[in-house]
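Here the structure comes first, spelled out in structure tokens, and everything after it is commentary.
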2 protein chains.
Amino acid sequence: MPPAARTLTPAEKLDWLRLIRSENVGPITFYQLLARFGSAAAALEALPELARNAGRRRPLGLCGKPAAERELAALEQAGARLVARGEPDYPALLAAVEDAPPLLSVRGDPALLQRPAIAVVGARNASANGRRFARDLALQLGAQGLVVVSGLARGIDAAAHQGALPTGTAAVLAGGIDSVYPEENRELQAGIAERGLLLAEMPVGTEPQARHFPQRNRIISGTALGVLVVEAALRSGSLITARFALEQGREVFAVPGSPLDPRCRGANDLIRHGAVLTETAEDVLAAVGAHLAPTAPARPVPPAEAEAAPPAPAELAVALDRVLEHLSPAPVPVDELIRQCRLPAAVVSAVLLDLELAGRLERQAGHQVALVG
Amino acid sequence: MPPAARTLTPAEKLDWLRLIRSENVGPITFYQLLARFGSAAAALEALPELARNAGRRRPLGLCGKPAAERELAALEQAGARLVARGEPDYPALLAAVEDAPPLLSVRGDPALLQRPAIAVVGARNASANGRRFARDLALQLGAQGLVVVSGLARGIDAAAHQGALPTGTAAVLAGGIDSVYPEENRELQAGIAERGLLLAEMPVGTEPQARHFPQRNRIISGTALGVLVVEAALRSGSLITARFALEQGREVFAVPGSPLDPRCRGANDLIRHGAVLTETAEDVLAAVGAHLAPTAPARPVPPAEAEAAPPAPAELAVALDRVLEHLSPAPVPVDELIRQCRLPAAVVSAVLLDLELAGRLERQAGHQVALVG
């Protein structure tokens, strides 16, 4: 086990939970606070003043200890528990993703996602052929040692889980770990809890809402070596998952289909833009098979928790003006922003952190940021 | 009209016909003889001795004047005539292909293939959806000014011709210009003769045989800016046409389909290897649309008929041994052979010409040559 992987103490985990559940703290902010203050406890202590300094008027909504303890109890009630990024049970590949959830609710066998995985996603209104294809392919990939990850939606997702249930499958839920959605997959979800692995980023008790799905999709792609798209229309959720896969440096696979079937247009479009055209399990294995060697994949190193000297306040005040000049409600890549501002990356990051805590900044896909309108 | 395009006199055309119909004279040999002797008449005169010198025992089967005249009469009877490479009526793009037929039988409107064309080919046992797709796409491409070329086979070919009949379509026959194949397309063939263009390389009166089809396919791709493959199985004739297109520097387009349908595996495989994934006419037009500008495409210059000083006989005798050392029944690219022999390209060409006339050499696709076993 590489030295970076360690198990948090119960007190540390409670602090992590309080920090990530606090207002305006997303994963990126979480890791920056951790790096800046050395621990979640220190960050929690510093947060109120930090937010005040960044121009916030009403107090920041911190997650209190009792609320965090209630969540842990509810998790236990639901047969689930939390794993933190950096812990041995955290999905191995997901740990390498920049905005991976600091904490995941898991139910079932977390060892599953220490094995190489492939995501299989697609249309809810899939054709019978598409569902059959997804199930058969998941079965074959499973037989070759790949864990199959999907989102437990109707159609392709459900078929992929079914095909891989005997060999190992993980479902990433958009709501809390105890949410059942859609109702028709209740039995399948129970089967995965028992024989596979359920994952959720949202707090236990959260009903899935539309905005949760794209967020969830980054976890599906993040846990896997690649994403296989079966029957996806243009502008569908599956294409969002494929885009996350590209951003995360993962492979994208797509199954071609007739141009006369609108459910195939999205997958065909992925192929047109470079996805691996996939007709058989061999097409997938040819691209990711190297990871199936008997040696375990190297565990990516989680972000350092070492203390970093924060920029001086005077420096930050000047930088804040300069960064605000270059920000607008239109998203801009952080790299681009750093170049435009001609400031050290660490200084720009600190300013963005302040702005986010103040609720004035929004992080978007592709490492982009935008002012809140 | 560029100066190179000129119309042969009737006597010249008769000589061309005699030369190309003579034993062991294929298109490449034809052009080399023309370059070496300055005219078809001079080549016909020199041939017997050339073949004798190359080690041939029984006399070379020259096509006599009466046989050539009979072919011309039969052509007229069939409502067709011959056009020679380099003549204004010869298909513009085909003239640029190295092994283009020196003479083509044509029936219908030869002006058609002075316009930009696209080939649409595919499975004989195509699905109803595939045929509909081919017909609709041909109709749309025709509406955009592209002539649609195909091979008049059942299935995709016939559907493409039907779709483009009102706007312009050309069919390349595997047999003679008067052969009707398959019988079910008799009416369509008559329609194309009347409103479009029929082409054939084989002599009038030739029934199509299996070996004619690959030869024919090089003409389909050669007349067109690109080849679109709709529903083609692995190892199908359509893939041969696509391969010719690549060798000729033409674009290859393929329509994706379900991996569950074996008729789509060939087209999917083309996409996997770089063919343009094609769902709509726009996908084709985006790649070849530039050729639809109001100005006519530049007519490629046909091979020079100027005299070339032949290598000295002593030089050839030495070279013959060296070339034979490097030849075997396994095909070798001519370029490679020239490098291996360390002889001037003109000398190797002259030796290969002699060997071919002697019936000891076979030319194969991809500019390869092999000893006859």
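Structure notes:
- Enumeration of residues in the range A:178-228 that are closer than 18 Å to residue A:245 by Cα and of a type in the set (Gly, Ala, Ser): A:221, A:222, A:224, A:226
- In the range B:62-84, the residues that are in contact (Cβ under 8 Å) with a residue 40 or more places away in the chain reach residues that are aliphatic (A, V, I, L, M) and in a helix (DSSP H, G or I) with C-beta atoms within less than 6 angstrom, at least six apart or across chains, in these pairs: B:68/B:14; B:68/B:17.
- Test: residue in the range B:241-257 that is small (Gly, Ala, Ser), at negative phi and more than 12 Å from chain A (Cβ to nearest Cβ): yes
- Residue in the range B:170-187 that is nearest to residue B:142 (Cα to Cα), counting only those that are touching a helix residue (DSSP H, G or I) at 6+ places or on another chain (Cβ under 6 Å) and free of Cβ contacts under 8 Å to residues at least 40 places away in the same chain: B:171
- Residues of the range A:72-91 that turn out to be part of a helix (DSSP H, G or I) and touching a Ser or Thr at 6+ places or on another chain (Cβ under 9 Å), as a count: 1
- Filter result for residue A:306 (modelled with pLDDT under 85 and exposed (fewer than 12 other Cβ atoms within 10 Å of the Cβ)): yes
- Subset tally (residues that are closer than 19 Å to residue B:242 by Cβ and out of contact with any Pro (no Cβ under 9 Å at 6 or more places or on another chain)) for the range B:162-177: 2
- The set of residues in the range A:266-279 that are facing chain B (nearest Cβ under 7 Å) and either of a type in the set (Asp, Glu) or open to solvent by 30 Å² or more (accessible area, probe 1.4 Å) (or both) comprises A:272, A:279.
- Identity of the residue in the range B:59-85, modelled with pLDDT under 95 and in contact with a Lys or Arg (Cβ under 9 Å, 6 or more places away or on another chain), that ends up surrounded by the fewest Cβ atoms within 10 Å (Cβ to Cβ): B:59
- Candidates A:56, A:52: the one that is under 24 Å from residue A:319 (Cβ atoms), open to solvent by 20 Å² or more (accessible area, probe 1.4 Å) and not in a helix (DSSP H, G or I) is A:56.
- Residues in the range B:16-26 that are over 13 Å from residue B:352 (Cβ atoms) and surrounded by fewer than 20 Cβ atoms within 10 Å (Cβ to Cβ): B:21, B:23.
- Close contacts from the range A:347-366, counting a first residue that is touching a residue at least 24 places away in the same chain (Cβ under 8 Å) and a second that is among the polar types (S, T, N, Q) and open to solvent by 30 Å² or more (accessible area, probe 1.4 Å), with Cβ to Cβ under 8 Å and a gap of 6+ residues or different chains, come to A:349/A:32; A:350/A:32; A:353/A:32; A:354/A:53; A:356/A:24; A:357/A:24; A:358/A:24; A:359/A:24.
- All positions within the range B:224-237 that are farther than 16 Å from residue B:138 by Cα and either at pLDDT 95 or above or open to solvent by less than 10 Å² (accessible area, probe 1.4 Å) (or both): B:232
- Within the range B:331-359, the set of residues being more than 20 Å from residue B:99 (Cα to Cα) and open to solvent by 60 Å² or more (accessible area, probe 1.4 Å) comprises B:339, B:340, B:342, B:344.
- Of the set (1) surrounded by 15 or more Cβ atoms within 10 Å (Cβ to Cβ); (2) acidic (Asp, Glu); (3) farther than 23 Å from residue B:30 by Cβ, all apply to residue B:321 but (1).
- Any hit, the range A:164-181, residues being farther than 25 Å from residue A:90 by Cβ and of a type in the set (Asp, Glu): no
The values are calculated or read from the model by the stated rules, or taken from the named source; none is laboratory data. This one's a predicted model, so the numbers in the text were calculated from it and none came from an experiment. Virtual Cβ from ideal backbone geometry, glycine too; neighbours counted across all protein chains shown. With ligands, DNA and RNA removed, areas are computed over all heavy atoms of the protein, side chains included. Shrake-Rupley method; radii C 1.70, N 1.55, O 1.52, S 1.80 Å.
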